[in-house]
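Written out below as structure tokens is the structure these notes cover.
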Amino acid sequence: MKILLLKLAAVAAATAVIAVPSLADQRVTRPAEPARILHLDQRYRHDHYYPGPGFATPVLPVGSIGVSGRDGQWFFHAGVWFRPVGPRYIVAPPPPGMIVPYLPPAHVTLWLGGAPYYYANSVYYAATPEGYVVVAPPPGAEHARVALVPPTFIAYPRLGQSAAPCKRPVGHLPCAALCAQ
């Protein structure tokens, strides 16, 4: 009985080896390497990864906003600009003049000529009343240093709340003056 079981085990093992194709016969498909999809923006010690120009996607990231300009419709998400091309969206540098309501989360602040500029993903922004406008690299940008700017908190009543909590002093911020406006 033992011999019969050993023979059956040997036949089963041989069959299993024959039934499994070798790795050389299998076509291995790997996803594109991150270095080919993403580029590291190290300017001004920004050190943030972004999809590179020319990267195409069939859908926009959740939370993208539409921005219209003289060059047509664009989409913006976390510092990445997308242009619709056929059924896809292509990452591309935006033209100057495009306005977004907020800065990319991973931006750096630069002071050039006494004015603040903001940088992320090879794009420079300047503040405007409508938000932030894409600008050409300002003069002196190649030698600029990152400005260490403390975060600014703005408190104001929304959705019908009372302005009373804003009248309490909050650290060093002129909260009451902001709420009164």
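Structure above, values below:
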read-out: Qualifying residue in segment 168-176 (condition: modelled with pLDDT of 90 or more and touching a helix residue (DSSP H, G or I) at 6+ places or on another chain (Cβ under 7 Å)); value: no
read-out: Flag if Gly113 is under 28 Å from Pro129 (Cβ atoms), modelled with pLDDT under 90 and of a type in the set (Gly, Ala, Ser); value: yes
read-out: Residue within segment 48-68 that is assigned to a strand (DSSP E or B), within 30 Å of His143 (Cβ to Cβ), in contact (Cβ under 8 Å) with a residue 60 or more places away in the chain and assigned by TED's automatic domain parsing to the domain that holds Ala120 present; value: yes
read-out: Sole residue being within 15 Å of the chain's Cα centre (by Cα), farther than 15 Å from His48 by Cα and small (Gly, Ala, Ser), chosen from Ala92, Ala78; value: Ala92
read-out: Subset of segment 69-94 (residues that are in a loop (DSSP other than H, G, I, E, B) and touching a residue at least 12 places away in the same chain (Cβ under 8 Å)); value: Arg70, Asp71, Ala78, Gly79, Pro87, Ala92, Pro93, Pro94
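The values are calculated or read from the model by the stated rules, or taken from the named source; none is laboratory data. These figures come from a predicted structure and were not determined experimentally. Cβ atoms come from the backbone with ideal geometry, glycine included; neighbour counts cover every protein chain shown.
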